[in-house]
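**Q** Sharing a structure below in structure tokens format, with a few things to ask.
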Amino acid sequence: MALPAKSYARTPTPGDPARSEAWALLEAARLMDGAKSKGPAELLAALRKNWRLWTIFQAELIDADCQLPPALRGNLLGLANFIDHHTARLLANPDPKRIDVLVNINRQISEGLLEGQRAASMKAGAAPTTNQPPATLRESA
């Protein structure tokens, strides 16, 4: 298996979980969005990658050591449940028009993660992150 840096044009800085999660969500969104205009095999592969990513998030959210507030945790688990059901329907009946909802969810969650990082940096008195904003990451492919 190739290292991420060799497989992708851009990868997040190691040791920054929120940035890594945001990058993974944007990468999955980019793959799904690009697969809409390709054949069913590419669409199904992109959907499966996104589903795998959200399965990882679900596993972390149900872990007893999860540090997220209960309300946020519950909201994310509900969103993950929606993604599970929507993805299962798309895998059974691939429809490129119905993939946009998953693309938009990934983009919005990633932007929220990155905005949270910027806000935390500003609150701590640190300089704003010099990493690229979400739009730049999204357009990088």
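**Q** Within the stretch 15-94, which helices (runs of 4 or more DSSP H) (wholly inside it) include 2 or more residues that are outside the structural domain of Arg107 (by TED's automatic domain parsing), in contact (Cβ under 8 Å) with a residue 24 or more places away in the chain and basic (Lys, Arg)?
**A** Working: elements: 17-35, 40-62, 70-92.
Because the criterion is at least 2 residues that are outside the structural domain of Arg107 (by TED's automatic domain parsing), in contact (Cβ under 8 Å) with a residue 24 or more places away in the chain and basic (Lys, Arg), the helices (runs of 4 or more DSSP H) in the stretch 15-94 that meet it are 17-35.
**Q** Okay, moving on. State whether one or more residues within the stretch 108-124 are at pLDDT 95 or above, surrounded by 16 or more Cβ atoms within 10 Å (Cβ to Cβ) and in contact with an Asp or Glu (Cβ under 7 Å, 6 or more places away or on another chain).
**A** There is no residue in the stretch 108-124 that is at pLDDT 95 or above, surrounded by 16 or more Cβ atoms within 10 Å (Cβ to Cβ) and in contact with an Asp or Glu (Cβ under 7 Å, 6 or more places away or on another chain).
The values are calculated or read from the model by the stated rules, or taken from the named source; none is laboratory data. Every value quoted in this text rests on a predicted model; they were computed, and no experiment measured them. In this analysis, Cβ positions are derived from the backbone assuming ideal geometry, glycine residues included, and neighbour counts consider all displayed protein chains.
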